[in-house]
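Heads up: the structure comes next, in structure tokens.
The values are calculated or read from the model by the stated rules, or taken from the named source; none is laboratory data. Note that this is a predicted model, so its numbers are computed, not measured. Note that we place each Cβ from the backbone using ideal geometry, even for glycine, and neighbour counts take in every protein chain shown.
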């Protein structure tokens, strides 16, 4: 049986790490399901409260689509590079290549965060604060939570880099990378939801 | 901002337990203050007593090394249940105080002020759901399920310890609120706008938010762990349709936890944003929507009801088949019924707020879905009765609870079907009828189930049976006490008495509240009997010992092991060939075999301090948030992140148990078993029972 869990498998060549990945990666998928519920409910809350601008600024006063589009490109590209890091690991293309792809993913994710924070600060300076309305409250419950997830993923990536420096590419690093990959792509999917429902939907 | 605000936030002398007493003007306020102060004194004295005893006996070291840092699923399970028992004692006493208040509050007065009464029903509900029922069932599943599927441990032992830490942190936070007051007065469901900052700026609702959030995070992680364990750790040959029913109900419970706990986390998290950062999600003004809270909360709350009942159903399966000496009747039907209940549980949440103004059609749909749950549950009841039919039935202590459950639970279910009709619900909504209904489900259902499970598996955990005499007394008192305490509430509800009433001026209600008070007193006695039972059993543990491990002629794998079970559970991973694997062996006159390929070294996870550290930091973070002590919150959250990162660098996570040690334990156990008589069921409750059973099904043949 070569495929032990959904998503990218390490393959038989990786021996014990491939075996261990079965329950660890499956467990992480299950964790992602519960996280998906969390985001799903925040989306639902946003959709319910979207129209309640309470006389305050609305989406068209606050959202800057060009910047959001750049954020989208940054995050989706980071998903690609994170995927390339995983493929480099799977096909044993050398630790150096893995680390380079990981560093590029990290840089892209951090630029995404920087742009997002800048946008949120601009919104706040225009009076788009959560206290202003139900719409903005729901917005600020959803978007920064996604941002926090990205920050946590970056922290995890750094911890993995530290482990690579300390132990090399051992089994624990390998299964850790598989799981981080799932989180990374998951956060992309959530962002696509945010881009469509919150930003494009808000301006439509 | 002065130094006090920075150091201690808004925590000041008004939080101290004698504050209410100092301000008291009226007689009622004085008595109420004394009640509150006494509770605080009992909590502090209890903690000091335990600490002193531990110091006196030099047990801090063993407690830390062998228990708190342990990642063994059996020990974690036991710790969960100890937590549940401690919290149960508090919540039952609170219930007693509330019954006393409603009996004395006729015509005003009584012993507690309305505000104090509000805290009582809020902590009682919060504790019973999150810190009694949840830890009890989580503990029981933790202990039993891996043994039943032939596993060495759960899939993620450290995560298990972290879950326990978070749950315990929530429980301790509620206990702290006894001393640094007040707790929320918003009920266990904490509805805004009442719990919004504009109406309730104090620390009370924040205690509730963080206690519940900690517990909710712990339960989400538990759900993930149990699900993965059941999917991935079953021994060879243990197909899904060969699993003991308890594992099936555990699986459904775990899946419900994964999907139902996040809505609670979202609800409490958003409420916290409203309260701390001035958001307008659930507020009346500013474009908030109060209904969102009701929907989110009950999207958790209804599946939660089945999280509470399904593990108990699992216990009943084991109880009825074990003590009838028969395999379960209708195994497939029971599996399907369990799955049906799990799925339907997500389709009925609106019935908790039929009266909140949605359309009639919506109410009708949710009403019908609610009634539909009665069908799979009915299937189960019939299956259990047919399991007993023509079996070798023994009315042991778990069976007394079981028979009580069958009668009482059906009655409670019937009132549930009545409430599911929206037009009737409009009449009895928010009355004591509802209170009677859900207590009628969770006491005979969940609580009796948990006590039956505790009695059933106690010998497995500790190697000796519980005293039967005190067990029967407790069971009788629970059943009669329950009937007297809650059936009058149906009548009071139909008479129009609202729930959560501190005082009333309707004389006709008084007799029934007095009957309910009597019932509450009997329940307190029942709890005392359970405590006495434990002490008596501990004293007579030599006579009650069942070291061979099979006192009840059990059917599933856990009974094939010695009692107590060694850390590694099974000396070698098993191959099973059918349902009721151990019973098949026994019918052939066999027992669990020596490992075919000889004994081998076993790799077991090492103890870790991450669980207790994350738990303690979670508790301090919750406390800091409650009292606005920001530095404390930041420090403890940093500790949690640091602990997780540090742990990811640890590589020596396992230790090896040498084959010789495993073999020595095995040989000692087999020698003991061979020297112990095989016991027939008529001697089950006698001293001769050393845990070596002669299968009931073969008794007739010889």
Taking the range B:59-76 and keeping residues in a loop (DSSP other than H, G, I, E, B) and touching a helix residue (DSSP H, G or I) at 6+ places or on another chain (Cβ under 6 Å) leaves B:71
Has the range B:33-45 got at least one residue that is surrounded by 12 or more Cβ atoms within 10 Å (Cβ to Cβ), more than 29 Å from the chain's Cα centre (by Cα) and not assigned by TED's automatic domain parsing to the domain that holds residue B:442? yes
| said: Any residue at all in the range B:612-622 that's in contact (Cβ under 8 Å) with a residue 60 or more places away in the chain and farther than 30 Å from residue B:205 by Cα? | reply: no
Here the residues within the range B:579-608 that are over 30 Å from residue B:696 (Cβ atoms) and in a loop (DSSP other than H, G, I, E, B) are B:597, B:598, B:599, B:600, B:601, B:606, B:607, B:608
Residues of the range B:270-288 being within 10 Å of another protein chain (Cβ to nearest Cβ) and crowded, with 21+ Cβ neighbours inside 10 Å, in sequence order, are B:270, B:274, B:279, B:280, B:281, B:282, B:283, B:286, B:287, B:288
*Look at residue A:193 and say whether it is under 17 Å from residue A:44 (Cα atoms), at pLDDT 95 or above and in a helix (DSSP H, G or I).*
yes
Filtering the range A:48-77 down to residues that are out of contact with any helix residue (DSSP H, G or I) (no Cβ under 7 Å at 6 or more places or on another chain), closer than 30 Å to residue B:293 by Cα and part of a helix (DSSP H, G or I) yields A:61
If we keep only residues of the range B:233-260 that are without any contact (Cβ under 8 Å) to a residue 60 or more places away in the chain and more than 30 Å from residue B:207 (Cα to Cα), then the residue nearest to the other protein chains (Cβ to nearest Cβ) is B:251
Going through the range B:212-222 in order, the residues found to be at the interface with chain A (Cβ under 9 Å from one of its Cβ atoms) and within 14 Å of residue B:300 (Cα to Cα) are B:220
When restricted to B:301, B:314, the only residue surrounded by fewer than 21 Cβ atoms within 10 Å (Cβ to Cβ), touching a residue at least 60 places away in the same chain (Cβ under 8 Å) and either in a helix (DSSP H, G or I) or more than 10 Å from chain A (Cβ to nearest Cβ) (or both) is B:301
Selection from the range B:550-578 of residues part of a loop (DSSP other than H, G, I, E, B) and within 14 Å of residue B:322 (Cβ to Cβ) yields B:550, B:551, B:552, B:553, B:554, B:555, B:556
Flagged in the range B:96-108 as out of contact with any helix residue (DSSP H, G or I) (no Cβ under 7 Å at 6 or more places or on another chain) and not in a helix (DSSP H, G or I), in numbering order, are B:105, B:107, B:108
- Task: Might you check whether a residue that is crowded, with 18+ Cβ neighbours inside 10 Å and farther than 24 Å from residue A:162 by Cα occurs anywhere in the range A:92-104?
- Result: no
Review point. Does the range B:88-95 include one or more residues that are assigned to a helix (DSSP H, G or I) and within 29 Å of residue B:565 (Cα to Cα)?
Key: yes
Surrounded by 24 or more Cβ atoms within 10 Å (Cβ to Cβ), touching a helix residue (DSSP H, G or I) at 6+ places or on another chain (Cβ under 6 Å) and more than 11 Å from chain A (Cβ to nearest Cβ), is that true of residue B:335?
no
Taking the range A:125-150 and keeping residues within 14 Å of chain B (Cβ to nearest Cβ) and out of contact with any helix residue (DSSP H, G or I) (no Cβ under 9 Å at 6 or more places or on another chain) leaves A:132, A:148
Given the conditions (1) crowded, with 17+ Cβ neighbours inside 10 Å; (2) farther than 24 Å from residue A:148 by Cβ; (3) away from chain B (no Cβ under 14 Å), every one holds for residue A:53 apart from (3)
Within the range B:46-98, the count of residues that are in contact with a strand residue (DSSP E or B) (Cβ under 9 Å, 6 or more places away or on another chain) and closer than 12 Å to residue B:139 by Cβ comes to 0
- Query: Is it the case that some residue within the range B:223-232 is more than 14 Å from every other protein chain (Cβ to nearest Cβ) and either more than 20 Å from the chain's Cα centre (by Cα) or surrounded by 23 or more Cβ atoms within 10 Å (Cβ to Cβ) (or both)?
  - Reply: no
Exercise for the section: Kindly check whether there is at least one residue in the range B:343-351 that is in contact (Cβ under 8 Å) with a residue 60 or more places away in the chain, in a helix (DSSP H, G or I) and surrounded by 23 or more Cβ atoms within 10 Å (Cβ to Cβ). Expected result: yes
Condition set farther than 21 Å from residue A:93 by Cβ and more than 10 Å from chain B (Cβ to nearest Cβ), scope the range A:6-24, selection farthest from the chain's Cα centre (by Cα): answer is A:19
Margin query: Condition check: facing chain A (nearest Cβ under 7 Å) and buried (at least 21 other Cβ atoms within 10 Å of the Cβ). Does residue B:263 satisfy that?
Written below: yes
Among (1) in contact (Cβ under 8 Å) with a residue 40 or more places away in the chain; (2) assigned to a helix (DSSP H, G or I); (3) closer than 30 Å to residue B:116 by Cβ, residue B:79 falls short only on (3)
